[in-house]
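The values are calculated or read from the model by the stated rules, or taken from the named source; none is laboratory data. All values reported here derive from a predicted model rather than from experimental measurement. Glycine also receives a Cβ, built like all others from the backbone with ideal geometry; neighbour counts cover every protein chain displayed.
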Amino acid sequence: MPAAPVPDMPYRGRFAPTPSGPLHLGSLVTALASYLAARHAGGAWLLRVDDIDGPRCRPEHADTILQQLDAHGLHWDEAVRYQSQHEGDYQAAFDTLRDQGRCYRCICTRARLAETSQPGVDGPVYAGTCRDTGHARVDSAWRLRVPHQAIALDDRIHGRIERDLAHDIGDFVIRRADGRIGYQLASVVDEQQQGITDLVRGADLIGSSLRQKYLMQHFGFAVPGFLHIPVLLDGFGNKLSKQNHATPIHGAAAAQNLIRGLNLLGQAAFAADWHGRVDEILARAVRNWNPALIPRRLGLPA
Ligand SMILES: [Zn+2]
């Protein structure tokens, strides 16, 4: 007789913006997708502010992002988690890896990395220059040593994504030269502490998802489900980002912004009438959420 199915964990999703500027349409689309997926599953949607990325992060941007989400009806559950308040936990995770002999100091400069790294599917692959040199300089970064081993994840849109850790990803930074814990390791601690069961994020983070899955497995943490949505491109095929001055979204146009986001995510076709208040638009979008309708490419007209 087949075993009784194990009940799934209650869905817990999150949105984790970096407060280096206000939300633009691209980041709204990501927030919206993760919100709809969580609410459609009857789950919780949490908010985390990834504010340990040095001087680019500013508290006023975090406040603006919270206000923008609120104005768009994207109300989160539980208290906002600020990464800057959990640095001790990230450091403890790093200490574990260092005590296990899993990482080493890397003194490569940016120029040296640019010169020696190989192009990979998900970005440059570190050449392993400092792997066996035993550097002792205190102001160096630390990299995690990764083995030649397959790593795979099953994405809800893209299906199975598989890479070789050493060949396609390479040893990656887990502690930066300025002493801060790197994004990959900090995120893994966050997902575990917040009990996140599902990650909805941009496809530009597929390489990060694979690194994080490897770390989660190493620590014995539960691995969440993944859904990577295509990155929103401008009319010239460039990623819409704070760096290329994408226009901030305004709460006064919240309903229009949501409809625009839903259209981009392929979620508006079934609705004849998308007028109405923000909460009505969202309630309808939650009921009808279908990730299979998300287009493979999200582009704005030129
Ligand atoms: Zn190095």
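Contact list please: Cβ distance under 9 Å, first residue in the stretch 92-116 and under 15 Å from Arg131 (Cα atoms), second residue assigned to a helix (DSSP H, G or I) and near the ligand (Cβ under 9 Å from one of its atoms), pairs at least six apart or on different chains.
Cys106/Leu113; Cys108/Thr116
Of all the residues that make up the stretch 79-88, how many are more than 18 Å from the chain's Cα centre (by Cα) and free of Cβ contacts under 8 Å to residues at least 40 places away in the same chain?
3
Could you please give the count of residues in the stretch 28-66 that are aliphatic (A, V, I, L, M) and touching a Cys at 6+ places or on another chain (Cβ under 9 Å)?
1
Mind listing whichever residues of the stretch 193-242 are surrounded by 19 or more Cβ atoms within 10 Å (Cβ to Cβ) and either of a type in the set (Asp, Glu) or in the same structural domain as Gly120 (by TED's automatic domain parsing) (or both)?
Asp198
Any residue that is over 15 Å from Tyr104 (Cβ atoms) and either surrounded by 16 or more Cβ atoms within 10 Å (Cβ to Cβ) or free of Cβ contacts under 8 Å to residues at least 12 places away in the same chain (or both) - is there at least one of those in the stretch 130-151?
Within the stretch 130-151, one or more residues are over 15 Å from Tyr104 (Cβ atoms) and either surrounded by 16 or more Cβ atoms within 10 Å (Cβ to Cβ) or free of Cβ contacts under 8 Å to residues at least 12 places away in the same chain (or both).
Those residues that are within 24 Å of the chain's Cα centre (by Cα) and over 21 Å from Lys213 (Cβ atoms), I need them from the stretch 115-146; list them, please.
Hits for the stretch 115-146 are Ser117, Gln118, Pro119, Ala141.
With the requirement that a residue be away from the ligand (no atom under 14 Å from the Cβ) and of a type outside the set (Gly, Ala, Ser), what does the stretch 119-131 give you?
Matches in the stretch 119-131: Pro119, Val121, Asp122.
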